[in-house]
Amino acid sequence: MEQNVEDYKLIFEKEGVYLHTNAKRSNQDTTIPGFIRIVERAGVPALEWSPLENECGSGPAVFYTKKDGEGGEEDTSFDPGYEPDWAIISTVKKDREPVPIKESGQWAFSLPLSELYSLRRARFSFGRNFLVLTSRGGHPLPPLHFHRGGTRELLRAMHRYIILDQSPVDGRLFLAYPHDSGALSQSFDKLHLFDDGGSDLVSRFIHDPYATTFGGFSKVTNFFRAALRPPDSPIRPRTAQDPSMPPQFDDEPGFELITCGVELGPRPDVTRGKPLDMWKEFMDTEGRVKHPEKIKELVFRGGITPSLRKEVWKFLLGFYPWNSTTKEREDLLRVKTDEYFRMKVQWKSVSEEQEMRNSLLRGYRSLIERDVSRTDRHNTFFSGNDNPGLTLLHDVLMTYCMYNFDLGYVQGMSDLLSPILFITQNEVESFWCLTGFMELVHQNFEESQEAMKQQLLQLSILLKALDPSYVTFWDSGSLCFCFRWLLIWFKREFSFEDILTLWEVLWTRLPCDNFHLLIACSILESQRGELIGSDHDFNTILKHINELTMKLDLQSVLRGAEAIYLQLVQCKELPLKVQQVLGIYVPSSSPEDSPNHQNSETQHLLGQSQAGAASSNSAHVPTYP
């Protein structure tokens with residue numbers, strides 16, 4: 001086939017590479033001999049396979065085509081899967097010079113190396129070794145068998161363009177990474193600020209906010225904000241004469257504009273307490289926990305002593321009921337252990353051949369293997385390539401896919417599991433604790449992202465209530481940099497040890513269910529001078545926020561969050577929407593029957609703060625048991 005010399009460059013070529021259209025059957029009809037090549041087309045390296053050329057006939061090739069349609073015709077009904085930037089699409093390039101190949105030419109493919117996700121050495125039932133390539137969309141290419149050898153040479157040629165890193169949990173799997181450390185697909189623990197971009201980035205964030213947010217968060221935030229608030233467009237509500245204008249966050253029905261002209265009063269000084277250091281003393285003779293409300297108050301006030309976390313966390317996360325006896329917990333553990341391993345067997349028993357026909361499971365496994373390889377690797381429990389902690393992390397996440405088919409695995413869930421697994425160091429217990437945690441945050445990971453949008457709206461409402469000057473600065477569009485904070489509960493903002501304390505405080509659900517939003521308020525308020533009292537543009541502010549990672553003092557943030565809560569709830573003219581965010585709004589009729597009525601634990605804390613406010617005109621410091 002003739003090529004334009006300026007646009008085409010052959011880097012590597014190997015003959016005798018057989019493509020198997022059906023790896024389950026080993027007959028001549030399902031093996032197609034051909035060439036494997038690495039080529040550069042207009043400077044873009046790609047891996048290509050084509051059957052032996054013949055002078056008669058031509059057939060369509062399978063291309064990996066950019067979703068904007070450039071370079072090929074796209075099936076608009078095709079579901080791109082997990083990372084929709086690229087999708088495998090059966091298409092015929094109309095402007096491509098006909099390729100003289102046999103009828104089997106429909107199996108030809110061309111994959112840009114930047115879109116190669118993994119390479120796996122596999123051995124199927126007929127005893128031959130194969131190479132299985134998978135794209136970043138989770139789509140495997142047909143297995144390739146190098147009848148005359150040449151895999152080492154191929155890999156050496158690929159190393160010119162990409163890095164192949166062996167998976168720490170599967171010695172046969174190699175993950176592909178670009179040499180460009182600034183690529184958007186990089187690990188989300190390497191955040192950088194960029195000024196370039198395009199509309200495709202916004203589309204990627206909308207379709208796959210988890211991967212995009214963690215891959216290049218500051219860049220995504222900039223473009224997400226630009227998409228919501230076009231720089232050349234005034235901020236105004238839509239009208240009947242302007243139906244094409246995209247909806248703004250502040251236009252969300254049911255949310256009033258918060259200007260909060262009322263006087264909030266002084267903000268109380270708050271002190272933290274000692275960690276919970278007693279446990280058996282709270283047990284009765286049969287092992288029931290006495291006064292669980294008091295335990296939650298103590299945990300909220302000071303966290304938990306490290307030696308007690310393994311036991312107390314199982315109650316906070318709902319694995320053990322607070323009123324269960326020792327005998328009941330032993331029975332429950334046996335039942336839950338059996339249930340866990342039944343689910344684990346479901347995915348462990350799937351053969352490689354079956355998985356090749358199960359794109360959903362294959363996609364989950366690909367995402368999990370990628371995330372496990374980069375989750376908390378600085379922690380000794382997860383460091384090293386042969387660490388059993390990595391295997392446990394992988395297995396628990398895979399089993400969760402069997403437990404929750406609807407949600408499956410979404411990027412970021414490995415961050416929620418790793419501290420739990422570190423504390424329990426038990427596969428079964430960590431799994432059931434994870435399910436309890438996910439009951440609190442599962443809506444964060446749903447595809448619609450309605451829960452995340454709602455939380456950003458609520459955060460904007462709180463900030464505007466705290467200071468009228470925020471009204472012109474904060475809106476939920478400009479708070480997109482808080483997305484990661486709320487998605488995984490500040491996991492990347494504090495040290496590993498601080499996260500253990502922060503999460504156990506939040507698991508108490510005191511003093512309100514949205515206390516994590518008050519944590520965000522506390523962080524932003526601590527940086528008020530940099531954010532409000534400066535002439536910094538959005539990119540500079542974003543850079544400053546990102547640089548706060550691992551520099552925040554947790555105890556100061558917790559004190560600030562509780563002080564904000566007490567200041568707000570003591571305001572007698574607090575706007576209705578702020579009351580709803582804090583969970584203190586009670587309709588005037590039948591408050592006990594209202595679904596918004598506070599639970600007894602929160603009412604207890606609230607009653608203490610209100611009693612303190614009534615007893616003194618000055619800021620009062622509430623005390624907790």
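Here are a few things to note about the model shown:
- Using the 1.4 Å probe convention, the accessible area of segment 339-407 works out to 45 Å² per residue with neighbouring protein chains retained.
- For residue 153, the accessible surface of its heavy atoms amounts to roughly 90 Å² (probe 1.4 Å, protein chains only, rounded to the nearest 10).
- Residue 336 accessible area, assembled protein chains, probe 1.4 Å, Å²: 50
- With a simple spin-label model that places each label point 7 Å from the Cα along the Cα-to-Cβ direction, the separation between residue 341 and residue 353 comes to 2.8 nm.
- Largest accessible area first, the listed residues 562, 339, 573, 13 line up as 573, 13, 339, 562 when surface is computed with a 1.4 Å probe on the assembled protein chains.
- The accessible-area ordering, largest first, of the residues 551, 344 stands as 551, 344, per a 1.4 angstrom probe.
- Whether segment 334-455 is rounded, prolate or oblate, judged on the alpha carbon gyration tensor where a/c under 1.5 counts as rounded: rounded
- Surface calculation, 1.4 Å probe, protein heavy atoms: residue 351 sits at approximately 50 Å² accessible.
- Residues with amide H under 5 Å from that of residue 288, placed H, sequence gap 5 or more: 326
- Distance between the 7 Å Cα→Cβ label points at residue 447 and residue 325: 4.8 nm.
- A 1.4 Å probe over all protein chains sorts 278, 438 by accessible area into 278, 438, starting with the largest.
- Rule-of-thumb Rg ratio for segment 284-358 [Cα; 2.2 N^0.38 Å; N residues]: 1.60
- On the beta carbon distance between residue 544 and residue 153, with R0 = 60 Å, the FRET formula returns roughly 0.80.
- Simple spin-label estimate for residue 21 and residue 274 in nanometres, 7 Å along Cα-Cβ: 7.6
- Too-long pairs where the Cα-Cα distance tops 28 Å, listed order kept, from 294/314; 314/453; 310/336; 274/577: 314/453; 274/577
- Gyration tensor (alpha-carbon) shape descriptor, segment 300-344, a/c threshold 1.5: prolate
The values are calculated or read from the model by the stated rules, or taken from the named source; none is laboratory data. As the structure is a computational prediction, the values presented were derived from the model and not from experiment. Positions of Cβ are backbone-derived with ideal geometry, glycine not excepted, and every protein chain shown enters the neighbour counts. Just the protein is used for accessible areas: all its heavy atoms, side chains included, with ligands, DNA and RNA removed. Shrake-Rupley method; radii C 1.70, N 1.55, O 1.52, S 1.80 Å.
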